[in-house]
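Right, one structure below, let's go through it.
The values are calculated or read from the model by the stated rules, or taken from the named source; none is laboratory data. In this text, all values refer to a predicted model and were calculated from it rather than measured experimentally. Cβ coordinates were reconstructed from backbone atoms using ideal geometry, including for glycine residues, and neighbour counts include every protein chain displayed.
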Amino acid sequence: MKDKDAKALVKMFKALSHPNRLQLFVEILEQSEAAFEEGNDCFASTIMEKLNVGAPTISHHLKELVNAELISTERKGKFLTCQVNPEAMKRLRGFFAR
């Protein structure tokens, strides 16, 4: 494994090691897939309601997931949309496929 890949994976695993972030990431993954199939966006507000977590907490965990390059976010008006980074998923799948 290349040093660059190992560092990226460590960063991802560290971000996902927090139970709330793991739950948030899984929810974004599921919402992203469903939203993509329906031609919609995955909104942070929808996830926040479903997880019953406040905005500051979600904001903090989203920031950590973005810093680990697991997801990307984009403002659409007053809403924040979330997407799983396909390259991150490729790295994770490759690691676990070994």
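If we scan the stretch 24-32, do we find a residue that is surrounded by fewer than 16 Cβ atoms within 10 Å (Cβ to Cβ) and modelled with pLDDT of 90 or more? Even if it seems obvious, please write down each step before you answer.
Just the residues of the stretch 24-32 that are surrounded by fewer than 16 Cβ atoms within 10 Å (Cβ to Cβ), to begin with: 26, 30.
So of that shortlist, the ones also modelled with pLDDT of 90 or more come out as 26.
So far as the stretch 24-32 goes, yes, one or more of its residues are surrounded by fewer than 16 Cβ atoms within 10 Å (Cβ to Cβ) and modelled with pLDDT of 90 or more.
Mind listing just one residue for me: the one in the stretch 49-68 that is farther than 19 Å from SER32 by Cα and assigned to a helix (DSSP H, G or I) and, of those, nearest to the chain's Cα centre (by Cα)?
HIS60
In the stretch 68-81, which residues are surrounded by 12 or more Cβ atoms within 10 Å (Cβ to Cβ) and in contact (Cβ under 8 Å) with a residue 24 or more places away in the chain? Walk me through it before giving the result.
Filtering the stretch 68-81 down to residues surrounded by 12 or more Cβ atoms within 10 Å (Cβ to Cβ) leaves 68-73, 79-81.
Listed by number, the residues that qualify are ALA68, GLU69, LEU70, ILE71, THR73, PHE79, LEU80, THR81.
Being surrounded by fewer than 14 Cβ atoms within 10 Å (Cβ to Cβ) and modelled with pLDDT of 85 or more is the requirement here; does MET12 meet it?
Values: surrounded by fewer than 14 Cβ atoms within 10 Å (Cβ to Cβ): no; modelled with pLDDT of 85 or more: yes.
No: the conditions fail for MET12.
Quick check on the stretch 41-48. Is at least one of its residues part of a strand (DSSP E or B), crowded, with 18+ Cβ neighbours inside 10 Å and either at pLDDT below 80 or of a type outside the set (Asp, Glu) (or both)? Walk me through it before giving the result.
At the first step, the residues of the stretch 41-48 found to be part of a strand (DSSP E or B) are 43.
Still in the list and also crowded, with 18+ Cβ neighbours inside 10 Å: none.
No; the residues of the stretch 41-48 include none that is part of a strand (DSSP E or B), crowded, with 18+ Cβ neighbours inside 10 Å and either at pLDDT below 80 or of a type outside the set (Asp, Glu) (or both).
Working carefully through the options GLU87, GLU74, find the one that is part of a strand (DSSP E or B) and out of contact with any helix residue (DSSP H, G or I) (no Cβ under 7 Å at 6 or more places or on another chain).
Values: GLU87 fails: part of a strand (DSSP E or B).
It is GLU74.
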